[in-house]
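Working notes, beginning with the structure itself.
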Amino acid sequence: MSNTHTQITVGGTTNESQWETISFISDLHKDVYGFRPRNNYSGWSDLDLQSFLDELTEYSNAVYAENEELAKLKEERKEKAIDKLLKCGAGDKETAIRWLEQAEVCF
């Protein structure tokens, strides 16, 4: 998932402006949910589109932060497992990592 930490402002009421916002919404939705939205945005005002984009951006940032925290926890668990294997006889870190990979341990 790409990291979208920007506030996108939409001005005016031109179709080009709305198309740009819809494009951002589509890209961000795909990053967050894995697929593009199937919404019909005809009839949505610039304000409606911007509000939807703002909510989606906020959710995307929360998901990104959560994923970062999970990745950190995963790495900490892996390091603890490596330390345990080193204490149990793995000669070095490389061997401990190989043992974990051979055991197909998921963190």
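Residues in segment 64-75: is at least one out of contact with any Asp or Glu (no Cβ under 7 Å at 6 or more places or on another chain), of a type outside the set (D, E, K, R) and closer than 22 Å to Arg36 by Cβ?
Scanning segment 64-75, I find at least one residue that is out of contact with any Asp or Glu (no Cβ under 7 Å at 6 or more places or on another chain), of a type outside the set (D, E, K, R) and closer than 22 Å to Arg36 by Cβ, so the answer is yes.
One residue is enough: does segment 51-70 have a residue meeting the conditions among the charged types (D, E, K, R), surrounded by 13 or more Cβ atoms within 10 Å (Cβ to Cβ) and in contact with a helix residue (DSSP H, G or I) (Cβ under 9 Å, 6 or more places away or on another chain)?
no
For segment 40-50, give me each residue that is in contact with a helix residue (DSSP H, G or I) (Cβ under 8 Å, 6 or more places away or on another chain) and assigned to a loop (DSSP other than H, G, I, E, B).
Tyr41, Trp44
Against the condition over 30 Å from Ile22 (Cβ atoms), out of contact with any Cys (no Cβ under 8 Å at 6 or more places or on another chain) and not β-branched (Val, Ile, Thr), how does Ala65 come out, does it pass?
It is false that Ala65 is over 30 Å from Ile22 (Cβ atoms), out of contact with any Cys (no Cβ under 8 Å at 6 or more places or on another chain) and not β-branched (Val, Ile, Thr).
Rule-based calculations on the coordinates, nothing more; no lab input. This structure is a prediction, so every number in the text was calculated from the model and none was measured. No Cβ is skipped: glycine too gets one built from the backbone with ideal geometry, and neighbour counts run over all protein chains shown.
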